[in-house]
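*Asks:* So that we are looking at the same thing, I have put the structure below in structure tokens.
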Amino acid sequence: MTKFGIGGGIAAAVIALIVVGVLALGGGGGKPATTAIPATPATTASGRDTSPPWAVPANVPAAVHEAGLPMLGAEGTTLHIHAHLDVIVNGAPVTVPAEIGIDNADQQISPLHTHDTTGVIHIESPTQAQFSLGQFFTEWQVSLSADHIGNLGADTTHQLRAYVNGKPVTGDPAAIVLHAHDEVAVVYGTAAQQQNVPSSFAFPAGL
């Protein structure tokens, strides 16, 4: 028997449980616990009901957790694909900001994120899973559904439509599942402004 005896063993077990609890709570820094990546993504989006442009949210980890995704210490490599997003409002492009899903202060990153303002969505996950447009818009904190984006609602003269590789998608665009090299366009505007939507994107070499 070691010098700790039975009491030492109990104390060690208690300490181990405390450590596990602290890690589950985010390392004792008051951060929310990370979650596992769901195999089936959220098919709705929540966020700001405001006019574009939409900046990166102030609290990136909170937005990522609201999307049902964890913050990781490094980009995942099990699933590594890219899609492209165009948001067009009244005939004009809306910038998709850089560093959606990236927390530079704590050096953490969502498996679903952007690096620049090209509209390329990076999906870099440590597990095989599906990721949706709704998750991305929630990380961006922009409200999106079948009848509105931000505070822009469909009416008698304006339509909100989504397209994947140039083909219209019915229903809630938040339910669109992102696949490798998809070109996704979310277009708000008149019927005339729904013409000639992007159908492809020239991804840089290596993406």
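The values are calculated or read from the model by the stated rules, or taken from the named source; none is laboratory data. For clarity, every value in this text was computed on a predicted model and none was experimentally measured. Every residue, glycine as well, gets a Cβ built from its backbone with ideal geometry; the counts of neighbours run over all protein chains shown. What goes into the accessible areas is simple: the full protein's heavy atoms, side chains included, and nothing from ligands, DNA or RNA. Shrake-Rupley method; radii C 1.70, N 1.55, O 1.52, S 1.80 Å.
*Asks:* Can we say Q130 is open to solvent by 60 Å² or more (accessible area, probe 1.4 Å), polar (S, T, N, Q) and either part of a loop (DSSP other than H, G, I, E, B) or under 20 Å from L79 (Cα atoms) (or both)?
*Replies:* Taking the combined requirement at face value, the residue satisfies it.
*Asks:* Here's something else I'd like to know. Given the criteria among the charged types (D, E, K, R), open to solvent by less than 50 Å² (accessible area, probe 1.4 Å) and out of contact with any helix residue (DSSP H, G or I) (no Cβ under 8 Å at 6 or more places or on another chain), does D182 qualify?
*Replies:* Taking the combined requirement at face value, the residue satisfies it.
Here is a yes/no grid of residues against (1) within 9 Å of the chain's Cα centre (by Cα); (2) within 17 Å of A67 (Cβ to Cβ):
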{"site": "L112", "(1), (2)": "yes, yes"}
{"site": "H122", "(1), (2)": "no, yes"}
{"site": "S132", "(1), (2)": "yes, yes"}
{"site": "F136", "(1), (2)": "yes, yes"}
{"site": "S143", "(1), (2)": "no, yes"}
{"site": "I149", "(1), (2)": "no, yes"}
{"site": "L152", "(1), (2)": "no, no"}
{"site": "L160", "(1), (2)": "no, no"}
{"site": "G166", "(1), (2)": "no, no"}
